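What follows is one structure encoded as structure tokens, with my remarks underneath.
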Amino acid sequence: MARALISSENSLFRNVVGAAFAIILIPIVIVVRLIAIPFDKATERSPAEVLSYLRNFYDGTGDDYDWDDFTSVSISNAELEDIRASAASLDLPMGDGELSSLRALIGKVEAMVAQRPTL
């Protein structure tokens, strides 16, 4: 069972160490979070770019690094983000079930590209 850093059940020494730990750790966490904020932003991707990532992986012309780049970075467009999240949930290496799911995602993006080719 985990014990709290600061608690009435702890010894005075343990409470002092817990308080010191919190005093040191909290500013470090805040600074790290402030540094990370610019990198948390979603990226702008067009349906054509998303389609390219999906097709390349489906066809075997893309590699694991390309797939990781696509699935690891959120997309600002909500529809494309849903597709990215669905693709990221597929298990690698892909079997027949995952490939058919990927093909369905490709179909959705192809429909988006057909409706709005300039986005």
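The values are calculated or read from the model by the stated rules, or taken from the named source; none is laboratory data. Please read all numbers here as calculations on a predicted model, not as lab measurements. Methodologically, a virtual Cβ is constructed for each residue, glycine included, from the backbone with ideal geometry; neighbour enumeration extends over all protein chains shown. Ligands, DNA and RNA are excluded from the accessible area calculation, which covers all protein heavy atoms including side chains. Shrake-Rupley method; radii C 1.70, N 1.55, O 1.52, S 1.80 Å.
Among residues of region 86-119 being assigned to a helix (DSSP H, G or I) and among the acidic types (Asp, Glu), the one that is farthest from ASN56 (Cα to Cα) is ASP96.
Of the numbered criteria (1) open to solvent by less than 80 Å² (accessible area, probe 1.4 Å); (2) within 30 Å of ASP96 (Cα to Cα); (3) modelled with pLDDT under 90; (4) not aliphatic (A, V, I, L, M), the one TYR65 fails is (1). In summary, ILE23 fulfils each of the numbered conditions (1) over 30 Å from ARG116 (Cβ atoms); (2) β-branched (Val, Ile, Thr); (3) touching a residue at least 24 places away in the same chain (Cβ under 8 Å) with the single exception of condition (3).
Matching residues to (1) farther than 30 Å from GLU110 by Cα; (2) loosely packed, with under 12 Cβ neighbours inside 10 Å; (3) touching a helix residue (DSSP H, G or I) at 6+ places or on another chain (Cβ under 7 Å):
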{"site": "ARG14", "(1), (2), (3)": "yes, no, no"}
{"site": "ALA19", "(1), (2), (3)": "yes, no, no"}
{"site": "VAL29", "(1), (2), (3)": "yes, yes, no"}
{"site": "VAL32", "(1), (2), (3)": "yes, yes, no"}
{"site": "ILE35", "(1), (2), (3)": "yes, yes, no"}
{"site": "ASP40", "(1), (2), (3)": "no, yes, no"}
{"site": "GLU44", "(1), (2), (3)": "no, yes, no"}
{"site": "ALA48", "(1), (2), (3)": "no, no, yes"}
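Of all the criteria given as (1) touching a Lys or Arg at 6+ places or on another chain (Cβ under 9 Å); (2) at pLDDT below 90; (3) assigned to a helix (DSSP H, G or I), the one not satisfied by ILE83 is (2). Annotation for region 27-47: at least one member residue is of a type in the set (A, V, I, L, M) and either under 25 Å from MET112 (Cβ atoms) or assigned to a loop (DSSP other than H, G, I, E, B) (or both).
Taken together, SER72, SER76, SER89 contain a single residue that is within 21 Å of the chain's Cα centre (by Cα), of a type in the set (S, T, N, Q), surrounded by fewer than 15 Cβ atoms within 10 Å (Cβ to Cβ) and modelled with pLDDT under 90, which is SER72.
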